[in-house]
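The block underneath contains the structure these notes are about, expressed in structure tokens.
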Amino acid sequence: AGLLRRMGASWLAFALFQAIAIKRWKQETFWLPVVAGLRLSEVFTDWVYVAFAQDLTWFGWVALLASPPVNILTGFFLIKSYKNTAQY
């Protein structure tokens with residue numbers, strides 16, 4: 001239960017930063033690498049949880065195993081997009 005509360009706070013912060021980025025990235029392109037960094041910081045957490053979880057549903061397995069590759073792809077996509085749109 002403590003882990004769920006801790007992760008809830010992290011997910012709330014993650015959602016908040018993504019919401020700000022969606023609203024502001026065209027005027028302030030630095031939001032793209034900010035969200036990329038958030039996503040890349042989460043790459044190993046789900047796989048570690050799968051390794052130590054004592055009870056997971058089939059959906060839990062699928063979602064937790066798929067999440068890190070999605071975060072990697074999204075993170076690098078956002079970095080590439082930033083490089084393509086940033087004004088130097």
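General remarks:
- With Cα atoms, 0 to 90° folded angle of helix 58-85 axis to the chain main axis: 10 degrees
- Candidates Ala19, Ala63, Ala51, ranked by Gaussian network fluctuation over the chain, Cα under 10 Å, top entry: Ala51
- Aspartates and glutamates whose Cα lies under 18 Å from that of Lys83, excluding same-chain neighbours fewer than 8 positions away: Glu28
- Whole-number percent relative contact order across the chain, with pairs defined as alpha carbons under 8 Å at least 6 apart: 35 percent
- Rounded to 10°, Cα long-axis angle of helix 2-24 versus longest principal axis of the chain: 20 degrees
- Net charge dipole, the chain: roughly 380 debye, given to the nearest 20, about the Cα centre with Cβ charges of +1 for Lys and Arg and -1 for Asp and Glu.
- Alpha-carbon radius of gyration plus Dmax, which is the widest Cα pair, for the chain in Å: 15.0, 50
Every number here is computed from the coordinates shown, using simple stated rules; none is lab data. Not measured: the values here are computed from a predicted model. Here the Cβ is made from the backbone with ideal geometry for all residues, glycine too, and neighbour counts use every protein chain on show.
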